[in-house]
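For reference, the structure is listed below as structure tokens.
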Amino acid sequence: MQNFQNKVVVITGAGSGIGRELARQFAQAGAKLVLNDWNQDALTATWDELPEASRGYMKAFDVGDRKAVEDFATTTHTSLGRVDVVINNAGITQQITPAIYSTIEDYEKIIQVNLWGVIYGSLAFMPHLREHDGGCLVNISSVFGLMGCPGQAPYCASKFAVRGFTETLRVEMRGTGLQVVCVHPGGIKTNIARNAMVNNENGHERFVTRFDKMAKTTAPQAATTIINGIKRGKNRVTIGPDASFIDRITRLMPESYERILHRGLDRAKFLTKR
Ligand SMILES: NC(=O)c1ccc[n+]([C@@H]2O[C@H](COP(=O)([O-])OP(=O)(O)OC[C@H]3O[C@@H](n4cnc5c(N)ncnc54)[C@H](O)[C@@H]3O)[C@@H](O)[C@H]2O)c1
């Protein structure tokens, strides 16, 4: 898809970070935006920034709520008449917690939002995207959908699953006119660490500080990379030099990439219960 003028673009998690930047850049490109976030104030703040002509529809709800996602798809189609691009972007993580100390509730919550949110959004919107040629479905995975990361087991489980689901859709949809894109961002300077699920305040502060140092790519750069990927007809997009490196190293050394990617990890200290 080369031109977004008057195209209907749906973005979940548009109240912050990558989702908000996508909304801004698609609005500049002349698209009609349909936005969601579960934080009403954050969603309204994004909405209020957009030029009147680019405001299609907005609704605050949790993407892990299947009925709410299905209603969102139906209302979008009924009120705007078509759907051209859907970006399942909403996502959450937790502060660094070893897999064995993450609770079942942590796993369930993160998988409900990050995986079920993407599955609900894809299945609810695909019939509308497929009503015409040239539709595009974009699901946001992560570099943590390419490699295991200490302290992020629920998030990695959800993002590897998003990749598996999205790559399967891509294979099934080849030649049908629907572009299916799986996105693997590296560290992007957003509020993801600040918004993380917290089980210990000190640990959360350390996580935010470490994340802010590590994340090198800005949200506007991330949004531009995704939009360029759509324009170029790509079905797999990595964002940032860290993501390109992780993509290569996990393919070259699938059995032992931790020797390079996590070589400084003090396992005895890491596995101490906090
Ligand atoms: N920032 C990074 O380094 C990074 C790296 C890889 C992947 N990602 C992914 O990019 C996507 C966007 O994250 P971000 O970095 O912009 O984070 P962010 O926290 O800045 O923005 C995420 C937005 O999604 C919303 N949201 C969260 N759960 C929701 C739910 N259940 N229903 C509706 N809205 C919900 C939040 O309120 C927030 O406004 C996520 O899927 C995230 O996993 C981010």
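Laboratory data are not the source of any read-out in this text; all were calculated from the coordinates shown. Not measured: the values here are computed from a predicted model. Please note: Cβ atoms are built from the backbone with ideal geometry, for glycine as well, and neighbour counts cover all protein chains shown.
Residues whose amide H falls under 5 Å from that of Val181, counting only those 5 or more places apart or on a different chain, are Leu137, Val138, Asn139, with hydrogens built in the peptide plane. Look at the alpha carbon pairs under 8 Å that are at least 6 residues apart: their mean separation over the length of the stretch 8-270 gives a relative contact order of 18 percent. Rg/Rh for the chain (Cα atoms only, Rh after Kirkwood) is 0.96. Straight Cα distances below 24 angstrom link Lys213 to the lysines Lys159, Lys189, Lys269, with same-chain residues fewer than 8 positions distant left out. Among Arg55, Arg194, Arg251, the residue with the largest mean-square fluctuation in a Gaussian network model of the chain, with springs joining Cα atoms closer than 10 Å, is Arg251. Calculated mean residue ellipticity, 222 nm, the chain: -14000 deg cm²/dmol, from DSSP H runs (n ≥ 4) at -39500 (n - 2.57) each, averaged per residue and rounded to 500. Stretching the chain fully between Lys234 and Ile100 yields a gain of 44.5 nm (0.36 nm per residue, less the alpha carbon separation). Centre-to-centre, using Cα atoms only, the stretch 225-274 and the stretch 1-19 are separated by 26 Å. Compute the FRET efficiency between Ala29 and Glu205 as 1/(1 + (r/R0)^6), taking r as their Cβ-Cβ distance and R0 = 35 Å, and round to the nearest 0.05. Efficiency, rounded to the nearest 0.05: 0.40. Find the centroid of the Cα atoms in the stretch 173-203 and in the stretch 61-98, then give the distance between the two in whole Å. First find each Cα centre; the distance between them is then 14 Å.
Say we join alpha carbon atoms closer than 10 Å with springs in a Gaussian network model of the chain; which of Val180, Val34, Val171 then has the biggest fluctuation? Most flexible of the set in this elastic network: Val171. Multiplying the residue separation of Leu123 and Glu255 by 0.36 nm and subtracting their alpha-carbon distance yields 44.1 nm.
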